[in-house]
1. Could you tell me, in Å, what Rg and Dmax come out for the Cα atoms of the range 39-146?
2. Taking a probe of 1.4 angstrom, what is the accessible area of residue 51 in Å², to the nearest 10?
3. If 89, 130 are ordered by their accessible area, calculated over protein heavy atoms with a 1.4 Å probe, which sequence runs from highest to lowest?
4. Rounded to the nearest 0.05, what FRET efficiency do residue 17 and residue 106 give with R0 = 45 Å and r taken as the Cβ-Cβ distance? Could you check?
5. Using a 1.4 angstrom probe and counting only protein chains, how large is the accessible area of residue 36 in Å², to 10?
6. Please label the shape of the range 1-54 as rounded, prolate or oblate, based on the square roots a ≥ b ≥ c of the eigenvalues of the alpha-carbon gyration tensor (a/c under 1.5 means rounded; beyond that, a/b larger than b/c means prolate, else oblate).
7. As a test of reading the structure, rank 115, 37 by solvent-accessible area (1.4 Å probe, protein chains only), most first.
8. Ignoring ligands, DNA and RNA, how do 74, 45 rank by accessible area with a 1.4 Å probe, largest first?
Amino acid sequence: MKILEVLRENGRISVAALAERVGISRANAYTRFEALRADGAIKGFTAEIDHMRAGLGITALIFVTVRQQMWKQFRAELARMPEVEYCAITTGQHDAMIQVRVADVAAVHTMVTDRLANIPAVKATETVFILDEVLKRPYVLPGDGRQASRQARRPAQETQGDVPLGKMRFVGAAEGRAALKKDG
């Protein structure tokens, strides 16, 4: 898990640096890394891009209701749409959620009205525009939830100098008297 934590921050880290960060030998880090790849825990590596700079300033979620007997057709048509970044089959009011990244609102409109609406498998759509992406993690690890719950139970400590508030710090008698004389 430590190796995966480090790779989440920097997927291009060298094996030597990875070993140092994790606290194991370089040979051991290489062996464990290769085992993670062989087991399929690490599927591949990719670059993280700035969508605005790439000309894809609009992100939208499109919720789709699918005619139940036509899932294969829906999946096949969706695979032909390059602007679709993500699709999940969902529970609830809609059957699928599609995330698209495009240049402008007109491109979303064209996609929904001209392309999605013309797929016989699509019964209905609902589009939601994303105004701001507050949090996006490359992946979540099993230990992440435990760390967050421990931090939530432990109140944030404000510090005064090097001593957390609410904690005691030992002050020698001579030091304490000197401080009193300065204040008095």
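The values are calculated or read from the model by the stated rules, or taken from the named source; none is laboratory data. What you see is a predicted model, and the numbers here were worked out from it, not measured in a lab. Note that we place each Cβ from the backbone using ideal geometry, even for glycine, and neighbour counts take in every protein chain shown. Accessible surface areas use protein heavy atoms only, side chains included; no ligands, DNA or RNA. Shrake-Rupley method; radii C 1.70, N 1.55, O 1.52, S 1.80 Å.
1. When restricted to the Cα atoms of the range 39-146, Rg and Dmax are 15.6, 46 Å.
2. Counting only protein heavy atoms, residue 51 exposes about 40 Å² to solvent.
3. The ranking, largest first, comes out as 89, 130.
4. 0.50
5. Spelled out: residue 36, probe radius 1.4 Å, area about 40 Å².
6. Judged from the Cα gyration tensor, the range 1-54 comes out prolate (a/c at least 1.5, a/b above b/c).
7. If we order 115, 37 from most to least accessible, we get 37, 115.
8. Per-residue accessible area, sorted high to low, gives 45, 74.
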